[in-house]
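Novice: Below you'll find the structure I mean.
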Amino acid sequence: MRSIQRTLGRDLMRDIGLVCLADGIVGLSYGAIAVSSGFEVWVPMLLSVVVFAGASQFLFIGLVASGGNPIAAVVAGLLVNARHIPFGFAVGDVFGKGWGRRLLGSHLMIDETVAFALAQEDRRRRRAAYWACGISLFVVWNASVVAGAFAGTAVSDTGAFGLDAAFPAVLLALVLPSLKDRGVRAAALAGAVLAVAATPFLPAGLPVLLALLAVPLVLVGRNEPDKTEAGVNA
Amino acid sequence: MLLIVCAVVLGAGTFAFRFAGPALRAKVELNARAEKLMAAAAVVLLAALVATSALIEGTEFAGIARPAGVLAGGVLAWRKAPFVVVVLAAAATAAGLRLLGVP
């Protein structure tokens, strides 16, 4: 832990702490919402340990609570989590060697850990950021879900704190440095537009995957940087 | 009982998705170009997540307050403001607008 601290430095540790705080409040509300919609306390807790992916957990609880078939809720949850496959290709080198690291590292792969790792420039820092963010978020997320489940309806409205805006802002801040590359910027913009446009028509999870169709734009931007940028951004 | 099975299946499936990338990657030697594309794919996915989670709730427009908060945070991040400021500004903008009655 001390070596991770040295590699990351104060600033990054504080940033990770801040994300933990925000996710902790979301975890409190998730636990509280699950219990107040009729689930026993262990259900949200079990999901948090074995699934560890907020969006799919909310979706699962929501679908089952509204009378949906649990098997359909599993399928929906899996669809939302399918984005972890390409994530794994992008950050697969940060785990280190050995089965223990690969298994645990895979389980800690979530939006925040991937974004924190990608935002670091050298490999050592990337690895340290991934593990520090992953382990602290796992601990904070599960602890806050337990607390929320027992506290009942303590915090059910994270909107009042503006926390629903914090999550996209965190990801945006982490992704911004990668957007300096013209090709990547064009692909990210096109992908975001595709995903938003498709959201009203497709089941949850698919629109974000659809954004991958824009990835080839990365190469277009690389060959003729000046001309293509003008074309794609216009 | 069914709930336990469903939770475990969702967890196992999600883990399989997470494990697939690193496992396949270890088997296949990627060239520099493919490596670049993989990293770009993750950025594209995260950007799409930013856009959908900022603008949409369920299948409908999320209202003004949330995207305004994200925009405030984004501008500050672009101007190289500290991360803490970015996150707090995003949350405070959204919360403040709601306090004023903006949806």
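Novice: Scan segment B:23-69 residue by residue and report those that are more than 22 Å from A:ASP181 (Cβ to Cβ), among the β-branched types (Val, Ile, Thr) and at the interface with chain A (Cβ under 7 Å from one of its Cβ atoms).
Specialist: Answer for segment B:23-69, where residues must be more than 22 Å from A:ASP181 (Cβ to Cβ), among the β-branched types (Val, Ile, Thr) and at the interface with chain A (Cβ under 7 Å from one of its Cβ atoms): B:THR52, B:ILE56, B:THR59.
Novice: Failed condition for A:ASP164, given (1) facing chain B (nearest Cβ under 9 Å); (2) in contact with a Phe, Trp or Tyr (Cβ under 8 Å, 6 or more places away or on another chain); (3) not small (Gly, Ala, Ser), with all others met?
Specialist: Only one criterion in (1) facing chain B (nearest Cβ under 9 Å); (2) in contact with a Phe, Trp or Tyr (Cβ under 8 Å, 6 or more places away or on another chain); (3) not small (Gly, Ala, Ser) is unmet by A:ASP164, namely (2).
Novice: For A:LEU63, state whether it is surrounded by fewer than 20 Cβ atoms within 10 Å (Cβ to Cβ) and closer than 21 Å to A:TYR130 by Cβ. Give the steps one after another, and end with the answer.
Specialist: Working: surrounded by fewer than 20 Cβ atoms within 10 Å (Cβ to Cβ): yes; closer than 21 Å to A:TYR130 by Cβ: no.
No.
Novice: Any idea which of A:SER106, A:SER144, A:SER136, A:SER56 is closer than 24 Å to B:PRO22 by Cα and more than 10 Å from chain B (Cβ to nearest Cβ)?
Specialist: After applying the criteria, what remains is A:SER136.
Novice: Only residues that are touching a helix residue (DSSP H, G or I) at 6+ places or on another chain (Cβ under 6 Å) and of a type outside the set (A, V, I, L, M, F, W, C): list them for segment B:26-52, please.
Specialist: Selection gives B:THR52 alone.
Novice: Here are the criteria: (1) away from chain B (no Cβ under 11 Å); (2) on the phi > 0 side of the Ramachandran plot. Tell me which single one A:GLU121 does not satisfy.
Specialist: Every listed condition holds for A:GLU121 apart from (2).
Novice: Across segment A:74-85, what is the number of residues that are within 7 Å of another protein chain (Cβ to nearest Cβ) and assigned to a helix (DSSP H, G or I)?
Specialist: Adding up the residues that qualify gives 6.
Novice: Shifting gears a bit: Answer yes or no: is there a residue in segment B:61-71 that is more than 18 Å from A:LEU189 (Cα to Cα), buried (at least 18 other Cβ atoms within 10 Å of the Cβ) and among the aromatic types (Phe, Trp, Tyr).
Specialist: Within segment B:61-71, none of the residues are more than 18 Å from A:LEU189 (Cα to Cα), buried (at least 18 other Cβ atoms within 10 Å of the Cβ) and among the aromatic types (Phe, Trp, Tyr).
Novice: Are any residues in segment A:2-42 aliphatic (A, V, I, L, M) and either over 23 Å from the mean Cα position of the chain (by Cα) or within 13 Å of A:PHE167 (Cβ to Cβ) (or both), and if so, which ones?
Specialist: A:LEU18, A:VAL19, A:LEU21, A:ALA22, A:ILE25, A:VAL26, A:VAL35, A:VAL41
Novice: Does A:PHE89 count as surrounded by 19 or more Cβ atoms within 10 Å (Cβ to Cβ) and more than 14 Å from the chain's Cα centre (by Cα)?
Specialist: Spelling it out, A:PHE89 is indeed surrounded by 19 or more Cβ atoms within 10 Å (Cβ to Cβ) and more than 14 Å from the chain's Cα centre (by Cα).
Novice: Mind listing whichever residues of segment A:169-206 are outside any helix (DSSP H, G or I), closer than 17 Å to B:ALA54 by Cβ and without any contact (Cβ under 8 Å) to a residue 12 or more places away in the chain?
Specialist: Matches in segment A:169-206: A:THR199, A:PRO200.
Novice: Also, quick follow-up: Is it true that A:ARG124 is of a type in the set (Lys, Arg), in a helix (DSSP H, G or I) and either at pLDDT 95 or above or within 15 Å of B:SER53 (Cα to Cα) (or both)? Lay out the reasoning, then the answer.
Specialist: Numbers: of a type in the set (Lys, Arg): yes; in a helix (DSSP H, G or I): yes; either at pLDDT 95 or above or within 15 Å of B:SER53 (Cα to Cα) (or both): no.
No; evaluated as a whole, the condition is false for this residue.
Novice: For A:ALA143, all conditions in the list (1) at pLDDT 95 or above; (2) surrounded by 17 or more Cβ atoms within 10 Å (Cβ to Cβ); (3) closer than 23 Å to A:VAL43 by Cβ hold save one; what is the number of the exception?
Specialist: Single failed check for A:ALA143: (2).
Novice: Can you find a residue in segment A:214-223 that is within 9 Å of chain B (Cβ to nearest Cβ), assigned to a helix (DSSP H, G or I), more than 19 Å from the chain's Cα centre (by Cα) and at pLDDT 95 or above?
Specialist: Among the residues of segment A:214-223, at least one is within 9 Å of chain B (Cβ to nearest Cβ), assigned to a helix (DSSP H, G or I), more than 19 Å from the chain's Cα centre (by Cα) and at pLDDT 95 or above, which makes the answer yes.
Novice: Follow-up question, since we're still on this one. Residue by residue through segment B:90-103, note down the ones that are aliphatic (A, V, I, L, M) and facing another protein chain (nearest Cβ under 8 Å).
Specialist: Of all residues in segment B:90-103, those aliphatic (A, V, I, L, M) come to B:90-92, B:94-95, B:97, B:99-100, B:102.
Answer for segment B:90-103, where residues must be aliphatic (A, V, I, L, M) and facing another protein chain (nearest Cβ under 8 Å): B:ALA90, B:ALA91, B:ALA92, B:ALA94, B:ALA95.
The values are calculated or read from the model by the stated rules, or taken from the named source; none is laboratory data. Bear in mind the structure is a predicted one, so any value in this text is a computation, not a measurement. Please note: Cβ atoms are built from the backbone with ideal geometry, for glycine as well, and neighbour counts cover all protein chains shown.
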